[in-house]
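The values are calculated or read from the model by the stated rules, or taken from the named source; none is laboratory data. Since the model is a prediction, treat every value here as computed from it, not as a measurement. Positions of Cβ are generated from backbone atoms using ideal geometry, with glycine treated the same way; all protein chains shown enter the neighbour counts. Surface areas here come from the heavy atoms of the whole protein model, side chains and all, with no ligands, DNA or RNA. Shrake-Rupley method; radii C 1.70, N 1.55, O 1.52, S 1.80 Å.
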Amino acid sequence: MSFVTFGEIMLRLTPNDHGQKINSSNTFNVNFAGSESNVASALGVLNNDISFVSKLPSNQLGDAAVRNLQGFGVQTNFVIRGGSRIGTYFIEIGNSIRPSSVIYDRANSAISTIKEGEFPWEEILRNKKWLFLSGITPVLSEQCAKETINVAKIAKELGVKVAFDMNYRRTLWKSNKDAQLIFNKILGHTDLLFGNAGVLKDVYEMDFEGDCPEEKTINAVLKAKKKFGIEQLAFTIRKHSSASENELSGVLLSNNNLSVAKIIKVNITDRFGTGDAFAAACLHSINKGDADQEIIDFSTAAFALKHTIKGDQHTSSENEIKSIMEGNISGHVLR
């Protein structure tokens, strides 16, 4: 009973000196990133049967991206080749009062050139249990939007569950109204919704009562369930102290049962890919048949642990995540 993710894998370039600004850096670390590929690699590290579906150029960069995924145990049989370039993004890691920032360079990337009928979805989804999608891929081109909506529909018809992370990138969309139109069509086929209070505010202009992030997120989850009619929702909670320090938690609503994780305070090494780590851990735990409280505790532990790891991809094992979940957060050396 395996997983499929569909989306873009990009080159990630980060100044070689941690925390250095892009405009003063002469050397950059190069890695790979992307919401759906991050979820795929994290599921692979957790020893799941996982396939990633995408399009990459037929050059050395495309080859390297495929090898990177395979190194995490991700199946790449349905990564088609074509197009002229791989999408790229530059990350500037913030510190203290200076926020992190992102510059996207992904226009006309290979996946944006996909054509109708290039992916044999019924073959890809055969005998699969979960399909993971995000709100980023649909903005890359008109066909990417059509393909994301189409595969969600096909998955439901085949009895494959659909997990959708609303990931909203305001620098890519023309407006939140455009995102709403696409998201609504995907949400109609969604079984598990990932998000946070902020994305509902940005895309759907919702406001939530509450004296703290936990209360606001609980109200956001309840409001989203009522609006979209989805039975299972898993939202992250983040309280910002600075770019270097956050307090993290999570909320799971499943079959009207609400579960909230304990707060974990983290000093941040790299906050990119953290929501993807949360989503992958949640899918892994749900697929194992864990109880609701264990699901959200495990997901939140993965969410927190990823903040301590450089790069987009979460490389922690199940035992490492469980150790954090069990409260082992002192940072003592393991010998």
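With each pseudo-label sitting 7 Å past Cα toward Cβ, what's the Lys177-Lys146 distance in nm, one decimal?
Those two pseudo-labels are separated by 2.4 nm.
Suppose accessible area is computed on protein heavy atoms with a 1.4 Å probe; arrange Thr315, Thr14 from highest to lowest.
Thr315, Thr14
Using the beta-carbon distance between Arg98 and Phe28 and R0 = 30 Å, what value does 1/(1 + (r/R0)^6) give for FRET efficiency, to the nearest 0.05?
0.95
Can you tally the net charge around Glu326? Count Lys and Arg as +1, Asp and Glu as -1, for every other residue whose Cβ sits under 13 Å from the Cβ of Glu326.
-2
Pairs to check: Lys265/Lys322; Lys115/Lys146; Lys201/Lys239; Lys146/Lys226. Give those whose C-alpha atoms are more than 20 Å from each other in this structure.
Listed pairs above 20 Å: Lys146/Lys226.
Lysines near Lys128 by alpha-carbon distance under 18 Å, same-chain residues fewer than 8 away left out - which ones?
Lys153, Lys156, Lys161, Lys288
222 nm [θ] for the chain, helices only, -39500 (n - 2.57) per DSSP H run of 4+, per residue, to 500?
-11000 deg cm²/dmol
At most 14 other Cβ atoms within 10 Å and a DSSP loop assignment: could you name the trypsin sites (Lys or Arg not before Pro) in region 214-274 that fit?
Those satisfying the criteria are Lys262.
Work out the P(r) tail for region 27-74: percent of alpha carbon pairs separated by more than 14 Å, whole number.
Within region 27-74, distances greater than 14 Å cover 50 percent of Cα pairs.
Between Leu158 and Glu231, what is the FRET efficiency for a Förster distance of 25 Å, r being their Cβ-Cβ separation, to the nearest 0.05?
E between Leu158 and Glu231, to the nearest 0.05, is 0.85.
Take the eigenvalues of the Cα gyration tensor for region 168-312, scale each by 5, and report the square roots as semi-axes in whole Å, largest first.
22, 19, 15
Rounded to the nearest 10 Å², what accessible area does Glu231 show when all protein chains are kept and the probe is 1.4 Å?
About 90 Å², ignoring ligands and nucleic acids.
Given a 1.4 Å probe and the protein chains all in place, what does the accessible area of Arg67 round to, in Å² to the nearest 10?
The value for Arg67 is about 150 Å².
Using Cα pairs closer than 8 Å and at least 6 residues apart in sequence, work out the relative contact order for region 1-86, in percent.
Normalised by residue count, the contact order of region 1-86 is 32 percent.
Please work out the ratio of the alpha-carbon Rg of region 1-107 to 2.2 N^0.38 Å and round it to two decimals.
1.15
What is the sum of charges around Val102, taking Lys and Arg as +1, Asp and Glu as -1, for the other residues whose C-beta is under 12 Å from the C-beta of Val102?
+2
What is the calculated FRET efficiency for Glu294 to Lys201, with r their C-beta to C-beta distance and R₀ = 22 Å, to the nearest 0.05?
Efficiency for this residue pair is about 0.15.
On a straight-distance basis, which lysines could pair with Lys21 in a cross-link, Cα separation under 23 angstrom, same-chain partners fewer than 8 positions away excluded?
Result set, ordered by chain and number: Lys306, Lys310.
Around Glu92, what is the net charge, scoring Lys/Arg as +1 and Asp/Glu as -1 over all other residues with Cβ under 10 Å from its Cβ?
Spelling it out: positives minus negatives among the neighbours equals +2.
When the chain is fully extended, how far beyond the present Cα-Cα distance does Asp211 get from Thr315, taking 0.36 nm per residue of separation?
The span from Asp211 to Thr315 would gain 34.0 nm if fully extended.
Non-local amide H neighbours of Gly19 (under 5 Å, H modeled in plane, Pro and chain starts lacking H): which ones?
For Gly19, the qualifying residues are Ile93.
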